[in-house]
Each structure stands twice: as structure tokens, then as C-alpha cells.
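Student: Please read through the structure below; I'll follow up with questions.
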Amino acid sequence: MERTTLSPPIENVNRRKVLKGSLAVAAAPAFISVAHAQEKITWKVQSHWPKASGSFDDSLGVLAKELDERTEGRFKLELYGAGEIAKDREIYNIVRRGVVSMGTISPAYILGEAQAMGLYYGVPGTLRESWELMHLTKNLGIEKMVNDQLRPKGVIMMGDKSYPTELVLKKKITSAADLSSLKVRSTGTMLEYLAAAGASPQQIAGPELYQGLATGVVDGAHWGAAIGALSMKLWEVAPYHMKPALGFANDAYIINIAALDKLAADMRLQFISLVEERYFRRSVEYLHQEAISLNTGKEKMNVEVVRFPDDVLKRLADASNAILKKEIAKGDTAAKGGQALTKLMSDLGYT
């Protein structure tokens, strides 16, 4: 499937006018037959977010609602919470095999599937604001690099949002020595990042995260940032919220190409345009919700915002440089993506 530039979706298209031809060019790249106009499609969508997670409703739920409205009920998404059919990396496999048509996923779960996947997830400690990762992802080509290598495998990925990743801890720390005694839930390159800072990172699935913190399996975790901590109730057992952000990451939709190609032309246009549009809307909305959530935590749940000690920040900075070098060394595509990232960091005055 070739990557194309799509026009913005047209809302509330009048089918009679489409059939008469007066709005055919605006509505879709080709005339829509009467049969296609009446066709109804339902996709099963496996989320990596538990239903308790804020993103299940605010990302996936809103996408499903708006898609239903824009296609006048012709295209519906049937949503499944984490683990209902599959979880974590297995979401990639069930979408690739066509068990479900679509899923949500963290690129961190499938780093080996494309050379630039680690850059798509977000290299910790490099960028400092969401818009910077959004620009890298869409305008500087990281998502395209990933999809060029995913298409032969039968899937593509499209960004859901860019968001900050922040750690919550059960214990207050004042030095790298304090952090070295803690077990921390993490994933992807964040595992290496936190290990370099002295922590003992472990992987735990989202639905098991609260229990892991409550029972002492881990002493800290990241699930997004403030929104994740509030919606997943992590602050109940881990009230120390660490700043600055460990980094900025992308959540993404993963889509079966065969299912996408089977859609009527107008529905495919509406779907792709909506997902592209939602990436920017949701990323900005998420930052607003972050501020509200953190204020809620401080005012109503006795959450304390704690700055990482300087010796921890130094270790994290060193680890970030090492991780970026490893990402760039994965191959020619990764090197091209790494060059885009390092130039952006230079332009922003970070290096």
C-alpha cells in the first residue's frame, strides 16, 4: 500500500448528492457505488490499555465515536480492553494474522519489527516537549520509516498521541543510592534507561500494575504520566511523582493492511484522515489533562512532586546518549532516523 496524502475528512456527506456527482470529488477519490454506500463494517480493536486507563475512553473511545458519526453508522469499532483477546506484544501478532483488524500498542513492545521503532517509541532523555516528538514522527519521517518496513509484514502503524513518561514511586528518593534499591516497572528502551540510573527495572502488564505496586512486586512504575497514575489509581500506593519526564513517547494504532484495503474508498479516506487528525488533537488535549490530573493528585491525594536528584539526572543523561547510539547502529534506516533526531535536538539547542 503506497503512502498517500489525504484530504481532510468531509463530515455529513449527503449520499444523494454523491450519487448525482456534485460532491464526488470532495467525498472520496472515486465515485461510490450504491452497494458501497450501504455497506456496514465492524472492526474488532484490541487495546493495550486496560479499560480503567484514561486513554481507553479518551483515545480509543473518542475515535470510535467520531468514526461512527462521520460514516453515519457505517463503520464501527468494537473495543476490547487489555487482555480480553491479547495483551502487549501479542496484539501485534493478532493484528498481523487478521484475528482482529486493529489494535492499540506501544512501539516499545515490538522494537525488533522495524529499525526505527525505538525512535518511534521515543528515545528517553532526548526531546523535552510533546510537539517535538510529533514533528519528528510525522514531518521528519519516523512513522514512514517504520511503516516502510512493516508493510511487507501486513500491518501499518499510525500515531495515537505523543505523551510524557513520568515515574511514580512508593518511596521518596534523594540520591542515586536510594534509587538503586528500588524495583521499577518499565518497558522498551526505558528499561535500559532506568537500569543505567541505578534502578532494577521489570516488565509488568498494565492490568497487573496496581497489584504489583500494592504487593511490593515493584516499588515504582510509569504508565504515561499523571493521567495514567490517576486513572490507574497508582498514586494510592505510589504517591511520589518524579520530575522531569523520563522522556516523550508515542502510543500508536496498529492496523491490518488487508482489512484497510477492503474498506470502501470513502470509509478508508474517513478512517485514515480521522486517525491523522486525532494524533494532533489528542496529543495537545493530553497535555491539558496532564495538568488537571497532577493538580488533582496534589490537592486531593497528597501526591508529592519530587525532582530527580542531580546524580540520577547525570546518569540518565549518559544513558540517553548510549541508547541513541545503539538505535542509530541498527541499520541504514535507523541511522537516517537518528540523523533527523540529532539535527532536531541541535536546532532546539539541546546539544
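Student: Scan segment 139-169 for residues that are crowded, with 24+ Cβ neighbours inside 10 Å, over 14 Å from G122 (Cα atoms) and β-branched (V, I, T) and jot them down.
Tutor: Passing the criteria: V155, V168.
Student: G337 - would you say it is exposed (fewer than 15 other Cβ atoms within 10 Å of the Cβ) and within 21 Å of Y121 (Cα to Cα)?
Tutor: Numbers: exposed (fewer than 15 other Cβ atoms within 10 Å of the Cβ): no; within 21 Å of Y121 (Cα to Cα): yes.
In short, no.
Student: Separate question: Restricting attention to segment 134-169, which residues are of a type in the set (A, V, I, L, M) and part of a loop (DSSP other than H, G, I, E, B)?
Tutor: Selection gives L140, L167.
Student: State all residues of segment 280-302 that are more than 23 Å from D251 (Cβ to Cβ), in contact (Cβ under 8 Å) with a residue 24 or more places away in the chain and surrounded by 13 or more Cβ atoms within 10 Å (Cβ to Cβ); if no residue qualifies, say none.
Tutor: M301, the sole residue that qualifies.
Student: Next question. Could you list, in sequence order, the residues of segment 123-133 that are assigned to a loop (DSSP other than H, G, I, E, B) and charged (D, E, K, R)?
Tutor: R128, E129 - these are the residues of segment 123-133 that are assigned to a loop (DSSP other than H, G, I, E, B) and charged (D, E, K, R).
Student: Go through segment 187-200 and give me each residue that's more than 15 Å from the chain's Cα centre (by Cα) and either surrounded by fewer than 22 Cβ atoms within 10 Å (Cβ to Cβ) or within 20 Å of Y163 (Cα to Cα) (or both).
Tutor: L191, E192, Y193, L194, A195, A196, G198, S200
Student: How many residues, within segment 315-332, are buried (at least 19 other Cβ atoms within 10 Å of the Cβ) and under 23 Å from the mean Cα position of the chain (by Cα)?
Tutor: Selection size over segment 315-332: 8.
Student: Which ones in segment 96-122 are in a loop (DSSP other than H, G, I, E, B), under 13 Å from N250 (Cβ atoms) and in contact with a strand residue (DSSP E or B) (Cβ under 7 Å, 6 or more places away or on another chain)?
Tutor: Of everything in segment 96-122, those that are in a loop (DSSP other than H, G, I, E, B), under 13 Å from N250 (Cβ atoms) and in contact with a strand residue (DSSP E or B) (Cβ under 7 Å, 6 or more places away or on another chain) turn out to be S106, G122.
Student: Find all pairs meeting these conditions: Cβ atoms under 9 angstrom apart; at least six residues apart or on different chains; first residue within segment 235-248 and closer than 20 Å to Q211 by Cα; second residue assigned to a loop (DSSP other than H, G, I, E, B) and among the small types (G, A, S).
Tutor: Sorted first by the residue in segment 235-248, then by its partner, the pairs are H241/A225.
Student: Inside segment 175-202, can you point out the residues that are in contact with a helix residue (DSSP H, G or I) (Cβ under 7 Å, 6 or more places away or on another chain) and closer than 14 Å to P309 by Cα?
Tutor: S175, A176, L179, A197, G198, A199, listed by residue number.
Student: Condition first: crowded, with 20+ Cβ neighbours inside 10 Å, closer than 17 Å to W43 by Cα and among the small types (G, A, S). Now tell me which residues in segment 87-113 satisfy that.
Tutor: Scanning segment 87-113 gives S101, G103.
Student: Another question, if that's okay. Could you go through segment 298-312 and let me know if any residue there is within 30 Å of I41 (Cβ to Cβ) and of a type in the set (F, W, Y).
Tutor: No, the conditions are met nowhere in segment 298-312.
Student: Another question, then. Looking only at segment 116-138, how many residues end up being more than 18 Å from Y350 (Cβ to Cβ) and surrounded by fewer than 24 Cβ atoms within 10 Å (Cβ to Cβ)?
Tutor: 1
Student: Spot the failing condition for G73; the list is (1) in a loop (DSSP other than H, G, I, E, B); (2) under 20 Å from D148 (Cα atoms); (3) modelled with pLDDT of 95 or more, and only one is missed.
Tutor: So the condition that G73 fails would be (2).
The values are calculated or read from the model by the stated rules, or taken from the named source; none is laboratory data. In this text, all values refer to a predicted model and were calculated from it rather than measured experimentally. Counting neighbours? That spans all protein chains shown, and the Cβs are built from the backbone with ideal geometry, glycine included.
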